[in-house]
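> Let me give you the structure first, and then I'll get to my questions.
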2 protein chains.
Amino acid sequence: MAIREKVFNTIVSCFKRHGAETIDTPVFELKETLTGKYGEDSKLIYDLKDQGGELLSLRYDLTVPFARYLAMNKITNIKRYHIAKVYRRDNPAMTRGRYREFYQCDFDIAGQYDAMIPDAECLKIVHEILSELDLGDFRIKVNDRRILDGMFAVCGVPDNMFRTICSTVDKLDKLPWEAVKNEMVNEKGLSEEAADQIGVYVGMQGGMDLAERLLQDQKMCQSTQACAGLTDIKLLFSYLQLFQVTDKVVFDLSLARGLDYYTGIIYEAILTQAGVAPECVTVGSVAGGGRYDGLVGMFDPKGRKVPCVGVSIGIERIFSIMEQKAEKIRTTEVQVMVAAAQKNLLEERLRLITELWNAGIKAELMYKKSPKLLSQLQHCEESGIPLVAILGEQELKNGVVKLRNVATRDEVDISRADLIAEIKKRTSA
Amino acid sequence: MAIREKVFNTIVSCFKRHGAETIDTPVFELKETLTGKYGEDSKLIYDLKDQGGELLSLRYDLTVPFARYLAMNKITNIKRYHIAKVYRRDNPAMTRGRYREFYQCDFDIAGQYDAMIPDAECLKIVHEILSELDLGDFRIKVNDRRILDGMFAVCGVPDNMFRTICSTVDKLDKLPWEAVKNEMVNEKGLSEEAADQIGVYVGMQGGMDLAERLLQDQKMCQSTQACAGLTDIKLLFSYLQLFQVTDKVVFDLSLARGLDYYTGIIYEAILTQAGVAPECVTVGSVAGGGRYDGLVGMFDPKGRKVPCVGVSIGIERIFSIMEQKAEKIRTTEVQVMVAAAQKNLLEERLRLITELWNAGIKAELMYKKSPKLLSQLQHCEESGIPLVAILGEQELKNGVVKLRNVATRDEVDISRADLIAEIKKRTSA
């Protein structure tokens, strides 16, 4: 939890720096709200028992509840973040950060705005968060659902096979091209010619230059959808340059995120380092998102659309990386232990700790009438408390407290009047 | 959520000041873990549908999961807080802060310690939190389960009626004595003599002096249980004096918290003000807790006990009071809006906002290529953004930004080099 708190703080300050507010939605939704939103994965939804009343399910992600919330409250403009748990009846895989109950951490911008400005801000946010968390080098892959669909069309994929071919392309981050092609041709029955043409495109990576080149591409040009996507990618990169984040962003035609609801730009961030510990190799993507302009309309009785773009930070994966990297970390923030050098000084300790608490200092004492000095000092070493304020008969007579630095074992007498300032000074760094 | 965040921060800093760490437990528990812990209220537990695998229920409070966690992980010493949602199939009552999904906010100290030291710290924490939240005057009532049981015994209540009579006594905060007596005698069949004797005791309130007087009481003395409780109350008050919180704490023999698992000291904090808004009158208790030395042992295969004392802050009630009191509050923390005075300055705005974000300033811009200056200023007024950094052709030529104070409408040209420092200075207060 201490590691988690640090990660949350970094992420939340970034969201607030970008002007987001936070909203909360219930852990359960009406079962029908979730129905038909997650394709095959719907079988992983937890349902509540029918105990009378509405049929409920536990939320599966934060995006569908957000869209439901916007439609229900007729909100057409909002920039919000939401960090909360979601639930999936999945097989847990601890090392990959996959659980049945896990945090999602979403930032979304809803509203009708000029093209690519909010989309670029989402990528800027991913860049800021991954840089600040210091997880090692990373890349943010960008593509567009319209470019994918256009590419499939010009390569000769029949309309009704777009989705299934798209989900095969999605496997390119785990499988070599040969295996992916094999699935397209032998399992899904695509012509070898179409597969080979797809193979040429999905091998392409670049920046704004690649978007410009593809806009000149004889074949790609035939699709107005693809052209619209490529024009937006160009515009996106011009904003990313101004945001100073193009060093990490790559336009990658093999990126094909699985979810049905994306309608435009899509992106995914991956760590490119070999990994701190061997298990990290399997960590995969640490952030992802895209534009989904149709989802809110599905919940509005009149089908009114609210364009949205968002990003989800893969916070459980980040936790598991941080936990593997972590040295011994403290679980409390106690600055000073109030200790006694002799027996029967409980009253004096209680009086002193009251002064410290009332001055806002994080302080602790042992819940014994007459604890041994050694056990008080040991507790400090074990739990990383940096200072001990020691009371003894001599100190009480002289109106002082012996302030001990746990690491160096240095001790100095400090007058009671100066103690609070001294503790604050020593623990402020 | 903005109000909630403020309340959470106050409470969490208090818990941390007292050296607590935080742990998290899952939202669902095995159904059998919750069975038989909540008496009649068990019917309010949400069960999950049997979709294969273990039978699960949503947590009903945070105390039972905490006890289960301690037993399962063989933890015998911990000071932890936990703020999380719990679930009850209850009839919602918004004005009283009663929902089906709501936050609980618990602080507990587990471990074998000298009497009343951790118990006193829990009361000190309640005192600190209620003072800091500035909800108006409050009282913390204190009693002891052993004093209640002893009192029932010496008043002639048969052993097997202790619980039911105790739950009638619990109604004294809502009903007059006559109604309570009527329930005891006419509904529950207690003798009128016993009821009258209870009536004398439950009218008593005081401090350490009352505990001392009752220790001399001919009747009360006959119960060794009651004597043990009274001796602890005396000790508790001596610690509370050292903690400087006796101004708000009252020993009240009518306090009888309903939960079965309490074994010693119990307490409850109430607001004594008539209430800010009329609805507040019904708010009732805002914190409560007590000692439960037997609960962890119920989850340990060998029945090993871990003594615990804790407090739960009634955070939903506090939210509803704060929400009723609240003036218009901001939902974001944006310090500055980056605005354009003329058309076609998007690039310049993006460049400037990047500088601000990279310097840690909370900044926002409108997602339009050429927004009107007026609509940018209006957005600031509506959402409480205090500063606007305005870019125009003249400003760009002169290497300055016009910094506008939204409230006073003052505008000053600031050089680009000084802008970040100036914004930080103006928004640091």
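> When a/c is below 1.5 the answer is rounded, else prolate if a/b is larger than b/c, else oblate, so apply that to the range A:336-427 with a ≥ b ≥ c taken from the square roots of the Cα gyration tensor eigenvalues.
It comes out rounded by the Cα gyration axes.
> Sticking with this one: How high is the FRET efficiency between A:Ser370 and A:Asp418 when r is their beta carbon distance and R₀ equals 22 Å, given to the nearest 0.05?
With R0 = 22 Å, the Cβ-Cβ based efficiency is 0.20.
> At 0.36 nm per residue, minus the direct Cα-Cα distance, what do B:Glu54 and B:Asn344 gain on full extension? Give it in nm, one decimal, please.
Length difference between fully extended and current span is 98.3 nm.
> Calculated FRET efficiency, A:Ile75 and B:Glu101, Cβ-Cβ r, R0 25 Å, to nearest 0.05?
0.75
> Calculate the dipole size of the range A:336-427 relative to its Cα centre from +1 charges on Lys and Arg beta carbons and -1 charges on Asp and Glu beta carbons; express the result in debye to the nearest 20.
Charge dipole, the range A:336-427, about its Cα centre: 140 debye, nearest 20.
> Can you spot the lysines whose alpha carbon is less than 18 Å from B:Lys424's alpha carbon? Ignore those fewer than 8 places along the same chain.
B:Lys424 reaches A:Lys16, B:Lys362, B:Lys402.
> Moving on. For the range A:1-101, just say rounded, prolate or oblate: build the C-alpha gyration tensor, square-root its eigenvalues into a ≥ b ≥ c, call rounded for a/c under 1.5, and beyond that prolate if a/b exceeds b/c, oblate if not.
oblate
> If you rank B:Asp247, B:Asp300, A:Asp24 by how much accessible surface each has, with a 1.4 Å probe, what is the order from largest down?
Accessible-area ranking of B:Asp247, B:Asp300, A:Asp24, largest first: B:Asp247, A:Asp24, B:Asp300.
> With charges set only on the Cβ (+1 for Lys and Arg, -1 for Asp and Glu), what does the dipole of the range B:99-239 come to about its Cα centre, in debye to the nearest 20?
Dipole about the Cα centre, nearest 20: 320 debye.
> Give the residues of the range A:36-58 whose amide nitrogen is closer than 17 Å to a point set 7 Å from the Cα of A:Asp260 in the direction of its Cβ.
Residues passing the 17 Å test: A:36-45.
> A further question follows. Would you tell me which residue of chain A has the beta carbon closest to the rotation axis bringing chain A onto chain B, and how many whole Å away it is?
Value returned for chain A: A:Lys49, 2.
> Taking 0.36 nm per intervening residue step and subtracting the Cα-Cα distance, what contour gain separates B:Arg351 from B:Ser13 on full extension?
117.9 nm
> Excluding residues fewer than 8 places away in the same chain, name every one of the aspartates and glutamates whose C-alpha is closer than 20 Å to that of B:Lys328.
A:Glu21, A:Asp24, B:Glu5, B:Asp134, B:Glu279, B:Glu316, B:Glu381, B:Glu382
> Right, another one. Report the Rg/Rh value for the protein assembly as shown, based on alpha-carbon coordinates and the Kirkwood definition of Rh.
So for the protein assembly as shown, dividing Rg by the Kirkwood Rh gives 1.02.
> For helix B:346-358, what angle does its Cα long axis make with the longest principal axis of chain B, in degrees from 0 to 90 and rounded to 10?
40
> A further question follows. How far is A:Gln394 from the same spot in each other copy, in nm, shortest first, if each label point sits 7 Å from Cα toward Cβ?
The projected label point of A:Gln394 is separated from its counterparts by 7.4 nm.
> I would also like to ask the following. Taking +1 at the Cβ of each Lys and Arg and -1 at the Cβ of each Asp and Glu, which of A:Val142, A:Gly36, B:Phe66 sits farthest along the dipole of the protein assembly as shown towards its positive end, judged by Cα position relative to the Cα centre?
A:Val142
> Another question about this same structure. Can you give the mean number of other chain Cβ atoms that lie within 10 Å of the Cβ atoms in peptide B:10-21?
Counting other chains' Cβ atoms within 10 Å and averaging over B:10-21 gives 5.
> Of A:Lys369/B:Lys141; A:Lys49/B:Lys37; A:Lys49/A:Lys85, which pairs sit farther than 23 Å apart, going by alpha carbon to alpha carbon?
A:Lys369/B:Lys141
> Moving to a separate point now. From the square roots a ≥ b ≥ c of the eigenvalues of the alpha-carbon gyration tensor of the range B:1-325, which class results: rounded (a/c under 1.5), prolate (a/b over b/c), or oblate?
Since a/c stays below 1.5, the shape of the range B:1-325 is classed as rounded.
> Could you work out the helix-only [θ] at 222 nm for chain A, with each DSSP H run of four or more residues adding -39,500 (n - 2.57) and the total divided by the number of residues, to the nearest 500 deg cm²/dmol?
Roughly -11500 deg cm²/dmol at 222 nm, from the helical runs in chain A.
> How would B:Arg98, B:Arg291, B:Arg89 line up by accessible area, probe 1.4 Å, largest first?
Greatest to least solvent exposure: B:Arg98, B:Arg89, B:Arg291.
> Given a Förster radius of 30 Å and the C-beta distance between A:Thr164 and A:Glu212 as r, what FRET efficiency does 1/(1 + (r/R0)^6) yield to the nearest 0.05?
0.45
> Accessible area of the range B:336-427 with a 1.4 Å probe: how many percent of it is carbon plus sulfur?
Taking all protein chains in place, the range B:336-427 shows 48 percent carbon and sulfur surface.
> Would you check the accessible area of B:Thr224, probe 1.4 Å, heavy atoms only, in square angstrom rounded to 10?
120
> Can you tell me the relative contact order of the range B:188-271? Whole percent, Cα pairs under 8 Å, sequence separation 6 or more.
It comes to 35 percent, rounded to a whole number.
> Just A:Gln273, A:Gln394, A:Gln244 to compare: in a GNM of chain A, with alpha carbon springs under 10 Å, which one fluctuates most?
Sorting by GNM fluctuation, first place goes to A:Gln394.
> If you roll a 1.4 Å probe over the heavy atoms of the protein chains, what accessible area per residue do you get for the range B:336-427, in Å²?
48
> Enter the buried accessible area of the B/A pair, total of both sides, probe 1.4 Å, in Å² rounded to the nearest 100.
Counting protein atoms only, the buried area is about 6000 Å².
> Further, regarding this structure: If I stretch the segment between B:Gln205 and B:Glu193 completely, what's the gain in nm (0.36 nm per residue apart, minus their alpha carbon distance), one decimal?
2.2 nm
> 5 Å is the cut-off here: which amide hydrogens, built 1.01 Å from N in the peptide plane, fall below it relative to A:Lys85, excluding neighbours closer than 5 in sequence?
Here A:Gln104 satisfy the definition.
> To test your reading of the geometry: what angle, between 0 and 90 degrees and rounded to tens, separates the Cα axis of helix A:315-325 from the longest principal axis of chain A?
50
> Using the alpha-carbon atoms, what tilt in degrees (0 to 90, nearest 10) does helix A:416-427 show relative to the longest principal axis of chain A?
Tilt of helix A:416-427: around 30 degrees.
> So, one more: Which three semi-axes in whole Å describe the equivalent ellipsoid of the range B:239-394, each the square root of 5 times a Cα gyration tensor eigenvalue, listed largest first?
Working from the Cα gyration tensor, I get semi-axes of 55, 22, 14 Å.
> Next up: What ranking of B:Arg404, A:Arg80 comes out by heavy-atom accessible area, probe 1.4 Å, highest first?
Sorted descending by solvent-accessible area, the residues read B:Arg404, A:Arg80.
> Given a 1.4 Å probe, how much area per residue of the range B:1-61 is accessible, in Å²?
It amounts to 42 Å² per residue over the range B:1-61.
> If you roll a 1.4 angstrom probe over the protein chains with everything in place, what fraction of the accessible area of the range B:129-267 belongs to carbon and sulfur, to the nearest %?
47
> Roughly how many Å is it from the Cα centre of the range A:358-424 to that of the range A:96-135, as a whole number?
44
> Note every residue of the range B:112-149 with a reduction of at least 30 square angstrom in accessible area, all protein chains present versus the isolated chain, computed with a 1.4 Å probe, or write none.
Hits at the 30 Å² cut-off: B:Tyr113, B:Asp114, B:Ile117, B:Glu121, B:Lys124.
> Just to verify a number: what accessible area does A:Asp260 come out at with the full protein assembly present, 1.4 Å probe, Å² rounded to tens?
70
The values are calculated or read from the model by the stated rules, or taken from the named source; none is laboratory data. Keep in mind that what you see is a predicted model, and the values were worked out from it rather than measured. Backbone-built Cβ (ideal geometry, glycine too); neighbour counts: all protein chains shown. Please note that ligands, DNA and RNA were not included when accessible areas were found on the heavy atoms of the full protein model with its side chains. Shrake-Rupley method; radii C 1.70, N 1.55, O 1.52, S 1.80 Å.
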